[in-house]
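The values are calculated or read from the model by the stated rules, or taken from the named source; none is laboratory data. All figures in this text were calculated on a predicted structure; none of them were measured in a lab. Cβ atoms come from the backbone with ideal geometry, glycine included; neighbour counts cover every protein chain shown. With ligands, DNA and RNA removed, areas are computed over all heavy atoms of the protein, side chains included. Shrake-Rupley method; radii C 1.70, N 1.55, O 1.52, S 1.80 Å.
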Amino acid sequence: MTILTSWLTNALTLGLIEAAPLVLAAVGFTLIYYLNGFINVAYAENITLGAFFAVIFNSVLGLNFYLTIVPAALLSGVVSVLTYLLVFRPAMLRGVGPTEMIILSVGLSFFIRYGSRLVFGGDLYNFDNVSPAYYSFLGMGITSFQIVALILVGAITIALYFFIYRTSYGERMRALASNEDLALVSGIDPVRVSVLVWFIAGVAGGLAGVFYGVFSFVNTLLGWKLILIVMMVSIVGGIGNVRGALLASFGAGIITAGIALVASPLYGEIALLLLFIVVLRLKRARA
Amino acid sequence: MQEPKIQLSNVRKAYGGRTVVDVENLALGRHGIEGLIGPNGAGKSTLMSLITHKVNLDHGSIVFNAGTEGVVLSEWSLDEIARLGVVRTNQIIQDFESLSIVDSILLSLAPPRYEKLYSLFSDEQMQREMRPAVEEYLSYFQFSDPAGHALSAGEKKLLDIIRCLALKPKFLLMDEPTTGLHQDQTDRVLELIRRLTRDDGMSVLIIEHDLDVIWNACEHVHFMAEGQIMTQGSPAEIRGNSTVEIKYLGEPGA
Amino acid sequence: MGLPTYVFYSLSIILVYVSLATLLQMQFGQLGIVNFGIVGFWGLGLYGFGVLLLQYGVPYLPSLILATALATLAAFVLGWIILDLDSQSVLVATLAFATVVADLATTEKWLTEGIRGLGSIPYPLDLGGDSELGLFLIILVATCGVLFYAVRLRRAPYGRLLAGIRDNEVLARGIGKPTLRHKLIFFTVTSGAMGFFGALSASIQHFLVPTLVAPTVTFSVWIALIVGGRQSPLGGLIGVLATIAVFDFLIELFVPIPAGYAQYLPIVKLMLYGLTLMIVLLYRPLGILGARK
């Protein structure tokens, strides 16, 4: 194998593996953006808290890593619903515009992030007793966690796809996203549909946090470091477009991994961000 | 009859495969005030959007001042076309929400030399220069509170028309200008544009569903349906035309 | 002067924030551009200045001018790419730009010394014990200039034009205003001014490390402007006084905080910023100065 092809296969496999949590986060983020039409920066804290929930269950309660996934994800969903009911729904009822909603979500994000910083401090947390099994795949090492993450991503993406396009709730969500007044007239309860969507988005974000956390470490800045990439992936993928978010996430993962193999990971981020700006431009030019 | 001001040739526009405008040949501005009528969805507003390049053409050409020195409008942007003198009043109410009526008119009147990053102290001089024009509009059209904001839909509509007239257009496109106006306001608007076409050589194209306006004000009427110009002629000819009768005037509620 | 130097240090920082918030007031409040990349322009000025001065030995004033020019150029290129996009794309793209600047400050060690830090940066005027005062006065004059411009802008035809573009850009184009050109020019100049204040800030900081160009700067400025009132040219000033000045000046310098708790102050501060921002947006969306029409 030449150096180039080995770099290429490494970038592809690493990129796919590392993009798995990003897909989860992007899909959740894009659902909220699609439903309510604003960028929810506080989604970053949803990711962070998901990771912290899992770490707490793992190290304090001594639960096995796999057993922490479900409760951590459900709690993240609850947190997401709470942010909707306590902050965003009241703001929407008060007629706060889309740009102001983003700033509001920045405020909420600061509040939760530095609140949890007071609780958890600035330390790095790791999962206890974690010894994933290693497998070999196309010459790359892959851990059992990464396999689980990939499987979950696949399952959740397929489930969401069905949810949005094949179920009556998905239909109601799409109706609500396009025209709330019309949806109301046709007897759709916006709060119920919204709560469900925010819950699902929260679960997806929490899971993303859990896997980011177990791949490296957990601290209060975990979600904040990711949210920009999550936002860009969702916008480039097309708002509310699950498949677009999936493709853009994998693209982003592969580019970052490919560059990280040969240079500082920060160059991966730099390249990605510049590319995103250009893609935004091109999308507009085509429209 | 005069030379046409705007010449459209083979103009086509489709949205998602559905052809909205398909005009082979249309000369506008041969008469002072022309009307553009037709059923809903005929493509009238889209045609105006194509002329001012608010939306892109799929095909064809639109030439302004055809005959003398032609300007291909589709090569220019919306704001450049407005500066060339082709201006359109809006069908759906548009407003600068934070500007008072006076400020809104001043904004339209302001020449570029005053609108400079470094031009911080020019407002007094500009106001002095523009005040007579502003006063003229304000005394001609009565607003309840000129220093405040346009409140009613009718006031906003009038303000929109004034902003366009303040640009001293050579060709004015009016998209349902009288919707929401009282009869006396409508009369004043029509009176003013009649005067401007007569004295300043302005040409006007009006889209209107209130056909009394069309029959009263227009010297020439174009009838549009299904994206095409079906027929044109004097108001009397159009009223008596059988196609117009079948496709439009016979419509219930028209 | 009888005041200790750290007072001028704090006051200088507050003035820089006042300028940034006022520049943002013009960009967002007056023209409607959602610039979430403030720290990117400020940081380009900061690091551009430091690198020119220390790595290339360029004298103070030319470094200041060149660093400002660098930020201005970046603003022009970025603005040219993104300013006709929708506001949410502008938000994300400017945030991405600022992240790129912060990343470059870390990676380009040959220029910036990376996380080891670049120092030390001298004062613009060497006045011995009064050098801090000299820097403070220079920043004060510059800040007054920005405030004066913002106040005058409201009364100028140009300000009316910018408000028109903010309210309804398509309508403004329809009456013949080249809105994109105006947006690009104004964004370039005001963002360049953010870079200018970044270059001046280098002397306040003395020692440049990548953490200085963290997004917290951008968000602090936004919070200040929203709290103060985005519609008023003085909204940035009032907002900075109500947020940053209270914490970084009054509480930090004059409130006795037990030693064990001092480390929590910056964290509590950012948490309260977030809470304040939410309360203001929910209950007083136009800020402290918002009610005055």
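Suppose the filter is part of a helix (DSSP H, G or I) and either under 17 Å from B:GLN91 (Cβ atoms) or among the polar types (S, T, N, Q) (or both); does B:ARG163 pass it? Here the answer is yes, as B:ARG163 does meet what is asked. C:LEU147 meets all of the listed conditions (1) surrounded by fewer than 20 Cβ atoms within 10 Å (Cβ to Cβ); (2) among the aliphatic types (A, V, I, L, M); (3) under 30 Å from A:LEU226 (Cβ atoms); (4) modelled with pLDDT of 95 or more but one, namely (3).
For segment B:174-197, a tally of residues being open to solvent by less than 40 Å² (accessible area, probe 1.4 Å) and more than 18 Å from C:ASN168 (Cβ to Cβ) returns 13.
Go through the residues of segment A:261-277 one by one and say whether even a single one is part of a helix (DSSP H, G or I) and either in contact with a Gly (Cβ under 6 Å, 6 or more places away or on another chain) or away from every other protein chain (no Cβ under 14 Å) (or both). First the steps, then the outcome.
From segment A:261-277, those part of a helix (DSSP H, G or I) are A:261-262, A:265-277; that's our starting set.
Among the residues that remain, those that are also either in contact with a Gly (Cβ under 6 Å, 6 or more places away or on another chain) or away from every other protein chain (no Cβ under 14 Å) (or both) are: A:261.
Yes, the conditions are met somewhere in segment A:261-277.
Residues of segment B:174-194 include none that is more than 23 Å from B:CYS218 (Cα to Cα) and within 14 Å of chain C (Cβ to nearest Cβ). Considered as a group, the residues in segment C:83-105 that are over 14 Å from C:GLY43 (Cβ atoms) and of a type outside the set (Gly, Ala, Ser) include one that is most open to solvent (accessible area, probe 1.4 Å), and that residue is C:ASP86.
Checked against (1) more than 14 Å from chain C (Cβ to nearest Cβ); (2) farther than 30 Å from A:ILE3 by Cβ; (3) open to solvent by 60 Å² or more (accessible area, probe 1.4 Å); (4) over 20 Å from the mean Cα position of the chain (by Cα), A:PHE217 passes all but condition (4).
Please verify whether C:THR216 is surrounded by fewer than 20 Cβ atoms within 10 Å (Cβ to Cβ), among the hydroxyl-bearing types (Ser, Thr, Tyr) and within 14 Å of chain A (Cβ to nearest Cβ), treating the condition exactly as stated. First the steps, then the outcome.
Values: surrounded by fewer than 20 Cβ atoms within 10 Å (Cβ to Cβ): yes; among the hydroxyl-bearing types (Ser, Thr, Tyr): yes; within 14 Å of chain A (Cβ to nearest Cβ): yes.
Criteria met by C:THR216.
Kindly provide the set of residues from segment A:46-89 that are small (Gly, Ala, Ser), farther than 25 Å from A:PRO190 by Cβ and under 15 Å from the mean Cα position of the chain (by Cα), ordered by number. Those that are small (Gly, Ala, Ser), farther than 25 Å from A:PRO190 by Cβ and under 15 Å from the mean Cα position of the chain (by Cα): A:GLY50, A:ALA51, A:ALA72. Figure legend. Inter-residue proximity from segment B:137-155: first residues under 22 Å from C:GLY164 (Cα atoms) and outside any helix (DSSP H, G or I), second residues among the hydroxyl-bearing types (Ser, Thr, Tyr) and open to solvent by less than 30 Å² (accessible area, probe 1.4 Å), beta-carbon distance below 7 Å, spacing 6+ or different chains. Indicated pairs: B:ALA147/B:SER100; B:GLY148/B:SER100; B:HIS149/B:SER100.
Residues that are surrounded by fewer than 16 Cβ atoms within 10 Å (Cβ to Cβ) and more than 7 Å from chain C (Cβ to nearest Cβ) within segment B:101-120 comprise B:PRO111, B:PRO112, B:ARG113, B:TYR118, listed in sequence order.
Could you say whether any residue in segment C:77-97 is touching a residue at least 60 places away in the same chain (Cβ under 8 Å) and not in a helix (DSSP H, G or I)? Looking for residues that are touching a residue at least 60 places away in the same chain (Cβ under 8 Å) and not in a helix (DSSP H, G or I), one finds at least one in segment C:77-97, hence yes.
All of A:ASN40, A:ASN36 fail the test of being within 14 Å of chain C (Cβ to nearest Cβ), open to solvent by 10 Å² or more (accessible area, probe 1.4 Å), touching a residue at least 12 places away in the same chain (Cβ under 8 Å) and touching a helix residue (DSSP H, G or I) at 6+ places or on another chain (Cβ under 9 Å), apart from A:ASN36.
Picking from residues in segment C:29-76 that are aromatic (Phe, Trp, Tyr) and crowded, with 24+ Cβ neighbours inside 10 Å, the one that is farthest from C:LEU91 (Cα to Cα) is C:PHE49. In this structure, is C:THR112 within 17 Å of the chain's Cα centre (by Cα) and within 14 Å of chain A (Cβ to nearest Cβ)? It is false that C:THR112 is within 17 Å of the chain's Cα centre (by Cα) and within 14 Å of chain A (Cβ to nearest Cβ).
Tell me whether segment B:183-199 contains one or more residues that are free of Cβ contacts under 8 Å to residues at least 24 places away in the same chain, part of a helix (DSSP H, G or I), of a type in the set (Lys, Arg) and closer than 20 Å to B:GLY29 by Cα. Yes, that holds for at least one residue. Can we say B:VAL134 is within 30 Å of B:LEU50 (Cβ to Cβ) and assigned to a helix (DSSP H, G or I)? Here the answer is no, as B:VAL134 does not meet what is asked.
Would segment B:202-209 turn up any residue that is over 14 Å from B:GLY35 (Cβ atoms) and modelled with pLDDT under 90? Full working, then the answer.
So the first thing to find is which residues in segment B:202-209 are over 14 Å from B:GLY35 (Cβ atoms), and the list is B:202.
Subset that is modelled with pLDDT under 90: none.
No, that holds for no residue.
With respect to the conditions (1) open to solvent by 10 Å² or more (accessible area, probe 1.4 Å); (2) within 14 Å of chain C (Cβ to nearest Cβ), B:HIS220 falls short on a single one, namely (2).
Taking the residues in segment B:47-71 that are farther than 14 Å from B:ARG12 by Cα and charged (D, E, K, R) as candidates, determine which candidate is nearest to the other protein chains (Cβ to nearest Cβ). Quick ask: steps written out before the conclusion?
Of the residues in segment B:47-71, the ones farther than 14 Å from B:ARG12 by Cα are B:52, B:54, B:63-71.
The next check asks that each one be charged (D, E, K, R); those that pass are B:54, B:69.
On the way: B:LYS54: 8, B:GLU69: 20 Å.
Only one residue tops the list, namely B:LYS54.
Out of everything in segment B:72-97 that is assigned to a strand (DSSP E or B), surrounded by 18 or more Cβ atoms within 10 Å (Cβ to Cβ) and of a type in the set (A, V, I, L, M, F, W, C), what residue ends up being farthest from the other protein chains (Cβ to nearest Cβ)?
Filtering segment B:72-97 down to residues assigned to a strand (DSSP E or B) leaves B:72, B:86-89.
After this cut, where a residue has to be surrounded by 18 or more Cβ atoms within 10 Å (Cβ to Cβ) as well, the list is B:86-89.
Still in the list and also of a type in the set (A, V, I, L, M, F, W, C): B:86-87.
Working: B:VAL86: 10, B:VAL87: 7 Å.
Ranking the candidates gives B:VAL86 first.
Starting from residues that are among the small types (Gly, Ala, Ser) and facing chain B (nearest Cβ under 7 Å), keep the ones in segment C:167-196 and report whichever is surrounded by the fewest Cβ atoms within 10 Å (Cβ to Cβ). Let's see the steps before the verdict.
Within segment C:167-196, the subset among the small types (Gly, Ala, Ser) is C:172, C:174, C:176, C:191-193, C:195.
Next, only the ones that are facing chain B (nearest Cβ under 7 Å) stay: C:174, C:176.
Values: C:GLY174: 25, C:GLY176: 21.
It comes out as C:GLY176.
Just one of the listed residues (B:LEU205, B:LEU172) is in contact (Cβ under 8 Å) with a residue 40 or more places away in the chain and touching a Cys at 6+ places or on another chain (Cβ under 8 Å), and it is B:LEU172. Just the residues that are under 30 Å from A:PHE215 (Cα atoms), in contact (Cβ under 8 Å) with a residue 40 or more places away in the chain and among the polar types (S, T, N, Q), please, taken from segment A:140-198. Matches in segment A:140-198: A:GLN146, A:THR157.
Hey, any hits in segment A:97-115 for a residue that's charged (D, E, K, R), crowded, with 22+ Cβ neighbours inside 10 Å and more than 7 Å from chain C (Cβ to nearest Cβ)?
Restricting attention to segment A:97-115, the residues satisfying the condition of being charged (D, E, K, R) are A:100, A:113.
Filter once more, so that each one left must be crowded, with 22+ Cβ neighbours inside 10 Å: A:113.
From the residues that got through so far, the ones that are more than 7 Å from chain C (Cβ to nearest Cβ) too are A:113.
Checking segment A:97-115: at least one residue is charged (D, E, K, R), crowded, with 22+ Cβ neighbours inside 10 Å and more than 7 Å from chain C (Cβ to nearest Cβ).
Counting the residues of segment C:116-166 that are within 14 Å of chain B (Cβ to nearest Cβ) and either outside any helix (DSSP H, G or I) or not basic (Lys, Arg) (or both) gives 17.
Across segment A:74-91, the qualifying residues are those that are closer than 26 Å to A:ALA149 by Cα and open to solvent by less than 10 Å² (accessible area, probe 1.4 Å), and the one among them that is farthest from the other protein chains (Cβ to nearest Cβ) is A:GLY77. Among residues of segment B:121-141 being surrounded by 13 or more Cβ atoms within 10 Å (Cβ to Cβ) and of a type in the set (Gly, Ala, Ser), the one that is nearest to the other protein chains (Cβ to nearest Cβ) is B:SER122. Only helices (runs of 4 or more DSSP H) whose full extent lies in segment A:127-197 are considered here, and the ones with at least 2 residues that are over 18 Å from A:LEU31 (Cα atoms) and open to solvent by 70 Å² or more (accessible area, probe 1.4 Å) are A:180-185.
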